[in-house]
Amino acid sequence: MDKKDAYEARIQAKLDELKADIEKMRAQAEGLEAEARIKHHEDIEELESRRHALERKLREARDAGTDAWETMRTGVDNAWAELKRSWDEAAKRLLGR
């Protein structure tokens, strides 16, 4: 496995883990009062949107040529950092993390 493949596998594993965490968050939000549940569903929808955007960037990076890959990787790294920050904020509000 080359460096590019290892990077893609690592990001994909993080995305898979985050998808499971979002589903747990969604289940926990169902037990909340209506107003809080609505707010948390908004957070969840934002997380899903950011996750899908990162998956698109990862696909683009996967399809990019060797020269373009390094540039695409920077975009993927930035998108991951944004998604992680959003997750941390939402998790604090809902899960008390």
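General remarks:
- Paramagnetic label zone (point 7 Å from Cα along Cα-to-C-beta, E33; backbone N under 16 Å) in region 53-97: 94
- Summary of the geometry: region 76-94 and region 34-49, compared by the centres of their Cα atoms, lie 14 Å apart.
- Loop GluC sites (Glu not before Pro), the chain (other Cβ atoms within 10 Å of the site Cβ: 12 or fewer; DSSP): E33
- Cross-link partners of K57 among lysines (Cα-Cα below 22 Å; sequence separation of 8 or more within a chain): K3, K4, K14, K19, K84
- In this rough spin-label picture, where each label sits 7 Å from Cα along the Cβ direction, the R59-D16 distance is 1.8 nm.
- Screening the chain for whole DSSP H helices with an alpha carbon extent of at least 15 angstrom along the helix axis and a mean Kyte-Doolittle hydropathy of at least -0.5 yields nothing.
Only the coordinates and a few stated rules stand behind these numbers; no lab work does. These figures come from a predicted structure and were not determined experimentally. Cβ coordinates were reconstructed from backbone atoms using ideal geometry, including for glycine residues, and neighbour counts include every protein chain displayed.
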